[in-house]
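One structure is given here, and the rest of the page talks about it.
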Amino acid sequence: MGLAHRSALRAVAKRPSVPAPETLLRAIAAGDNTAVARFNAATSGLLFGLLLRILGDTATADRVLLKVYDEVRHHAAGFEKNGDSLLTWLITITHRKALEQLCSSKEDQQFLISVGLATALRSGPVRKVEIRKSVHRRLVGATLSSLSPVERKIVEMTYFSGMAPLAIAANLGLSHEVVKTGLQCGILGLYNLFRNYGSLSEGRIDRAY
């Protein structure tokens with residue numbers, strides 16, 4: 001099992017009760033800077049593990065995670081208007097920031113343009129690309145739709161609410177084994193997104209989408 005997988009699937013110990021991430025996000029949108037660190041702490045375990053999976057080293061994953069939270073902070077007020085769940089919203093931002101980090105060579109840029117995920121921009125003699133957010137959002141949404149509602153709920157309760165498997169089982173009326181299996185399936189489903197579209201420069205992209 002790789003470092004990224006262990007990071008995302010590490011045992012979740014009991015934690016002090018904290019406000020729901022959605023509540024913290026509304027506080028951030030209202031200008032409460034004290035909510036920023038609490039929101040980041042509540043959600044960073046999953047996002048860092050996924051970034052580590054796609055980017056391959058902790059230093060780069062840390063840098064991109066900072067960019068993710070910078071965008072979250074600046075767009076917190078718009079979260080409830082887009083109709084996405086918190087999981088979908090955060091995964092979409094995280095995956096897009098990872099693609100932007102990876103897309104450094106002309107070959108990588110050309111591939112993203114060819115499949116409609118990016119648009120070419122020009123700034124003087126240097127060509128840059130911009131990820132097409134609407135297309136990318138549909139891509140992420142299609143991937144997350146492969147997870148069952150229960151799997152998505154288990155992932156959110158584990159990583160965003162800090163609940164232990166036994167507490168999740170009691171809350172949802174499921175067995176402990178069903179929760180453990182649901183968490184594993186949910187994380188693997190997310191990893192498919194980051195595995196299939198992450199290794200741009202190595203050509204290991206599932207181009208079927």
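The values are calculated or read from the model by the stated rules, or taken from the named source; none is laboratory data. All values derive from a computational prediction rather than experimental measurement. Note: ideal-geometry Cβ built from the backbone for every residue, glycine included; neighbour counts use all protein chains shown.
Okay, here's what the table says:
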{"read-out": "Every residue from segment 148-181 that is modelled with pLDDT under 90 and touching a Gly at 6+ places or on another chain (Cβ under 8 Å)", "value": "Tyr159"}
{"read-out": "Residues satisfying the stated conditions in segment 182-199, i.e. at pLDDT below 50 and surrounded by fewer than 21 Cβ atoms within 10 Å (Cβ to Cβ)", "value": "Ser199"}
{"read-out": "Single residue of segment 74-86 satisfying the filter (more than 15 Å from the chain's Cα centre (by Cα) and assigned to a helix (DSSP H, G or I)) that is surrounded by the most Cβ atoms within 10 Å (Cβ to Cβ)", "value": "Ala76"}
{"read-out": "Matching residues, segment 97-129, being surrounded by 13 or more Cβ atoms within 10 Å (Cβ to Cβ), part of a loop (DSSP other than H, G, I, E, B) and at pLDDT 75 or above", "value": "Cys103, Leu117"}
{"read-out": "Any chance Asp62 is touching a helix residue (DSSP H, G or I) at 6+ places or on another chain (Cβ under 9 Å), at pLDDT 95 or above, under 27 Å from Glu100 (Cα atoms) and surrounded by fewer than 16 Cβ atoms within 10 Å (Cβ to Cβ)", "value": "yes"}
{"read-out": "Filter pass, Gly2 being of a type outside the set (Val, Ile, Thr) and at pLDDT below 85", "value": "yes"}
{"read-out": "Any pair with Cβ under 9 angstrom, 6 or more apart, that starts in segment 168-192 at a residue that is within 28 Å of Leu52 (Cα to Cα) and ends at one that is surrounded by fewer than 16 Cβ atoms within 10 Å (Cβ to Cβ) and among the hydroxyl-bearing types (Ser, Thr, Tyr)", "value": "Gly182/Ser148; Cys185/Ser148; Gly186/Ser148; Gly189/Ser146; Asn192/Ser146"}
{"read-out": "Scan of segment 62-96 for residues that are aliphatic (A, V, I, L, M) and in contact (Cβ under 8 Å) with a residue 40 or more places away in the chain, ordered by number", "value": "Val72, Ala76, Ala77, Leu86, Leu87, Leu90, Ile91"}
{"read-out": "Single condition Thr94 does not satisfy, out of (1) surrounded by fewer than 16 Cβ atoms within 10 Å (Cβ to Cβ); (2) closer than 23 Å to Leu183 by Cβ", "value": "(1)"}
{"read-out": "Residue tally, condition in a loop (DSSP other than H, G, I, E, B), modelled with pLDDT under 90 and out of contact with any Gly (no Cβ under 6 Å at 6 or more places or on another chain), over segment 5-52", "value": "11"}
